[in-house]
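First comes the structure, then the notes that go with it.
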Amino acid sequence: MPSSTSSRARRALVLGLTGLLAAGGLATTSGTAEAAGSTLGAAAAETGRYFGTAVAANHLGEAQYASTLDAEFTSVTPENEMKWDAVEPSRGSFNFSSADQIVSHAQSRGMKVRGHTLVWHSQLPGWVSGLSATDLRTAMNNHINQVMAHYKGKIHSWDVVNEAFQDGSSGARRSSPFQDKLGNGFIEEAFRTARAADPAAKLCYNDYNTDGVNAKSNAVYTMVKDFKARGVPIDCVGFQSHFNSASPVPADYQSNLQRFADLGVDVQITELDIEGSGTSQATSYSNVVKACLAVTRCTGITVWGITDKYSWRSSGTPLLFDSNYNKKPAYTTVLTTLGGSSGGGGTPGGATCTATYSKQEEWSDRFNGKVTITAGSSPITSWSTTVTVTSPQKTIATWNGSPTWDSSGNVMTMRPNGNGSLAAGASTSFGFTVMKNGNSAAPAIGACTAS
Ligand code: 9MR
């Protein structure tokens with residue numbers, strides 16, 4: 001880590017102890033020198049981004065699938081398990097079992113989860129298409145409410161509406177039960193419902209063939225601009241980025257991402273895969289990664305699967321690991337483009353972590369705090385940090401951690417509650433409630449120590 005981070009951390013600590021600290025994300029580090037990230041997730045984390053993959057629940061039991069996932073990725077997207085046909089196959093009857101498997105696998109390893117997807121014309125059960133407009137509106141909002149409530153607080157970003165625009169030069173909306181019966185307003189309504197259902201989740205519009213500047217992306221751009229102007233809640237735009245020789249990485253990919261970011265939304269690469277092999281595939285992947293790194297608001301990259309073996313277009317071998325889980329040239333190029341290195345990670349320097357504070361709910365007499373622990377470029381097996389409150393404040397409750405206190409009762413040392421293992425670049429968090437007793441100062445968070 002650069003020394004500026006450590007000095008920022010020290011300053012934060014001192015300010016915190018004097019009770020002047022404003023609430024908000026403050027990072028402290030252990031100060032241990034870190035080698036370049038040796039996995040996709042760790043290397044991306046060093047740029048402040050996640051590196052994710054689509055995951056299928058039915059492969060999680062395959063040892064190599066799970067170990068590659070756990071070693072390399074810091075975010076997952078259920079490939080099919082959160083789609084309408086999977087979670088609400090008949091009206092009002094919800095089945096979250098497969099999606100839950102993926103979410104709990106991810107959560108226990110500190111990975112983020114992207115929710116995919118709430119409102120989409122495809123993988124839509126027949127009963128939805130048969131509804132009248134009034135009923136469809138009720139069913140759409142109920143679907144969003146129920147699914148988001150089930151995963152409330154667990155989803156980093158939701159693809160609220162997926163693929164609502166037509167391909168080609170028309171710039172029109174795609175025909176779907178939602179579009180045909182509810183009109184253009186269905187997208188706005190879905191986003192408004194979603195915001196109320198889980199205010200902490202980032203709400204994305206996600207589409208394909210919008211990766212460069214073209215009629216379709218222009219139409220999405222116009223919609224996002226209008227949403228921002230009118231205060232319709234939207235936080236991010238997903239660019240699926242399914243490429244092959246007929247649909248290569250566009251030359252204006254980066255400038256297209258940037259023009260959306262300039263509207264005040266994050267951009268995410270959500271379903272990346274590039275058919276091909278060898279150096280040419282590697283170069284295309286590298287161009288995508290470079291574009292994301294060049295756009296500050298490009299917050300993460302998700303590839304659409306781990307191994308070519310299980311890709312939705314397996315014969316095009318579009319992913320970073322071959323069918324035997326060997327790293328392909330594209331893997332190495334992505335890793336180095338992210339600033340990582342396959343030889344450097346892990347040792348010496350060993351286990352490191354950071355601890356970041358953010359204030360949560362606040363009441364007149366108390367507030368909740370959350371500390372996110374993120375492993376550095378090596379996996380860690382345990383961690384600890386301190387939370388110091390200013391007397392007469394009192395910490396009255398904690399969750400997701402195992403606390404001990406010093407004799408003053410002001411300094412709490414937090415350690416994992418159970419397994420403290422985190423993959424390189426992965427995160428976990430703990431929370432606590434502080435009684436203000438007249439003082440609203442944010443707590444000071446000590447350095448994170450990892451082993
Ligand atoms: O990868 C998914 C595949 O397993 C499904 O059969 C298919 C069904 O439509 O959906 C695939 O994922 C799609 C994603 O949900 C939305 N964008 C396009 C993806 C590739 O088709």
Which members of the range 100-124 meet the condition of being within 13 Å of the ligand (Cβ to nearest atom) and in contact with an Asp or Glu (Cβ under 8 Å, 6 or more places away or on another chain)?
114, 115, 116, 117, 118, 120, 121, 122, 123, 124
Do we find a residue being assigned to a loop (DSSP other than H, G, I, E, B), in contact with a strand residue (DSSP E or B) (Cβ under 9 Å, 6 or more places away or on another chain), over 28 Å from residue 289 (Cβ atoms) and among the β-branched types (Val, Ile, Thr) anywhere in the range 395-406?
no
Give just the number: which of (1) assigned to a loop (DSSP other than H, G, I, E, B); (2) hydroxyl-bearing (Ser, Thr, Tyr); (3) buried (at least 20 other Cβ atoms within 10 Å of the Cβ) does residue 122 not satisfy?
(3)
Is there a residue being modelled with pLDDT of 95 or more, closer than 21 Å to residue 200 by Cβ and either among the hydroxyl-bearing types (Ser, Thr, Tyr) or surrounded by 20 or more Cβ atoms within 10 Å (Cβ to Cβ) (or both) anywhere in the range 60-71?
no
Of the residues that sit in the range 42-59 and are more than 17 Å from residue 334 (Cβ to Cβ) and in a helix (DSSP H, G or I), which one is least open to solvent (accessible area, probe 1.4 Å)?
57
Selection within the range 66-117 - part of a strand (DSSP E or B), within 18 Å of residue 143 (Cα to Cα) and charged (D, E, K, R):
114
It is to be established whether one or more residues within the range 279-291 are within 16 Å of the ligand (Cβ to nearest atom) and among the polar types (S, T, N, Q).
no
Of all the residues that make up the range 125-138, how many are open to solvent by 30 Å² or more (accessible area, probe 1.4 Å) and within 25 Å of residue 78 (Cβ to Cβ)?
3
Is there a residue being buried (at least 19 other Cβ atoms within 10 Å of the Cβ), within 13 Å of the ligand (Cβ to nearest atom) and at positive phi anywhere in the range 158-176?
yes
Over the range 332-350, the set of residues modelled with pLDDT of 80 or more and crowded, with 20+ Cβ neighbours inside 10 Å is 333, 334, 335, 338, 340
Failed condition for residue 209, given (1) under 19 Å from residue 299 (Cα atoms); (2) within 16 Å of the ligand (Cβ to nearest atom); (3) open to solvent by 30 Å² or more (accessible area, probe 1.4 Å)
(1)
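The values are calculated or read from the model by the stated rules, or taken from the named source; none is laboratory data. Quick caveat, the model's predicted, so the values are computed rather than measured. Here the Cβ is made from the backbone with ideal geometry for all residues, glycine too, and neighbour counts use every protein chain on show. All accessible areas refer to the heavy atoms of the entire protein, side chains included, with ligands and DNA or RNA removed. Shrake-Rupley method; radii C 1.70, N 1.55, O 1.52, S 1.80 Å.
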